[in-house]
Amino acid sequence: MCSETGSRYTGVLLLALATAAIIANLLLYFPNGQVLEPAKITDLVWFFHGFLGAGLLVMVPGLMLLRGGGEGCCAHRCGMLFPMLLAMQGTLGAVYCVVISSLGLLSGPFCDTGSGNYTYPFRNGSLEDNYLFNQPTWATCQEPEHIVLWNVVLFSILLGIGVVEAMLCLSQVISGLCDIYCGTCLRKGQPHTPGERQQTESLVAEASELQDPAQLTRSPGDAGAPAGPDGASVQIRGKSSG
C-alpha cells in the first residue's frame with residue numbers, strides 16, 4: 001500500500017472500473033435505449049449496485065490510492081489504518097455489486113410476455129433449466145425489445161467489474177495489514193516526511209564536521225592558530241620585550 005507507483009496504478013484502474021460500473025448501471029434503466037416507466041424496470045436495478053456498490057464506494061479508495069496513499073502515511077501505523085479502512089469499504093461495495101449482479105442474471109428481466117402485463121417469466125425456473133443456457137426461451141419477453149440480451153450483457157459486465165474491484169481492494173487490505181503488523185512499509189533508509197528528511201540531513205552534516213581532523217585536534221583556545229603538517233595546531237609565541 002505504501003508503494004506510491006503501485007498505489008497510483010491501482011487507483012487509476014479502480015477509478016476506471018467504477019466509472020464503467022456507473023455507466024452500466026445507468027444503461028439498465030433504458031433497456032434497448034427506450035425510456036420506460038419506473039414500474040416497468042427490473043427491480044434489482046433499483047439496488048444501485050453499480051452506482052453505489054461498484055461505483056462511489058470504490059471511487060473513494062481509488063482516489064486515495066491515486067494520491068499515493070497520502071504523504072508520509074507510511075511513517076506511522078495509525079496513518080496506514082485509514083487507507084486500509086477505505087480499501088475495506090471498496091471491497092464491501094464490490095462484493096455487493098457481485099451479489100446483486102448474480103441475482104439479476106439468475107432471475108431475468110421484468111418484461112411483457114405478450115399479454116400486456118409485465119412479469120418475471122424466468123424466476124420460477126431451476127438452475128438446470130435456467131434461461132441463460134436456453135437462448136430460444138429469450139423470445140418469451142416481447143417488450144421491451146431485446147430486453148433479455150440487454151440485461152444479460154450489462155449484468156455480466158457489472159459482475160466482472162465487481163469481481164476485479166473486489167480482488168484489487170482486497171489486495172490493498174492485505175497489504176495494509178502486513179504494513180501495520182509487520183512493518184514492511186519502511187523505505188530503505190529514506191525519511192518519509194519533510195521534517196524527518198531535514199532532521200536527517202542536519203545529523204549527517206554534524207557527523208561530517210566531527211570527522212574533520214582539524215576540528216578533532218584543535219583545542220578551543222587555538223581557534224586562530226595555523227595547523228601543522230600532522231594536523232596539530234602550532235602556537236606562535238611572541239618574544240617578550242626586555
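The values are calculated or read from the model by the stated rules, or taken from the named source; none is laboratory data. Predicted, not measured: the structure shown is a model, and the values here were computed from it. Methodologically, a virtual Cβ is constructed for each residue, glycine included, from the backbone with ideal geometry; neighbour enumeration extends over all protein chains shown.
From (1) modelled with pLDDT of 95 or more; (2) among the hydroxyl-bearing types (Ser, Thr, Tyr); (3) more than 21 Å from residue 51 (Cα to Cα), pick out the condition that doesn't hold for residue 156.
(3)
Taking only pairs six or more apart or across chains, which ones have beta-carbon atoms under 7 Å, a first residue in region 122-137 that is touching a residue at least 12 places away in the same chain (Cβ under 8 Å) and among the hydrophobic types (A, V, I, L, M, F, W, C), and a second residue that is assigned to a loop (DSSP other than H, G, I, E, B) and crowded, with 16+ Cβ neighbours inside 10 Å?
Matching pairs, first to second residue: 122/108.
Looking at residue 85, is it at pLDDT below 95 and either charged (D, E, K, R) or assigned to a helix (DSSP H, G or I) (or both)?
Against the criterion (at pLDDT below 95 and either charged (D, E, K, R) or assigned to a helix (DSSP H, G or I) (or both)), residue 85 qualifies.
I'd like the full set of residues that are closer than 22 Å to residue 159 by Cβ and crowded, with 21+ Cβ neighbours inside 10 Å, limited to region 1-21.
10, 14, 17, 18, 21 - these are the residues of region 1-21 that are closer than 22 Å to residue 159 by Cβ and crowded, with 21+ Cβ neighbours inside 10 Å.
Just give me the residues in region 118-143 being surrounded by fewer than 11 Cβ atoms within 10 Å (Cβ to Cβ), of a type in the set (S, T, N, Q) and part of a helix (DSSP H, G or I), in sequence order.
Scanning region 118-143 gives no hits.
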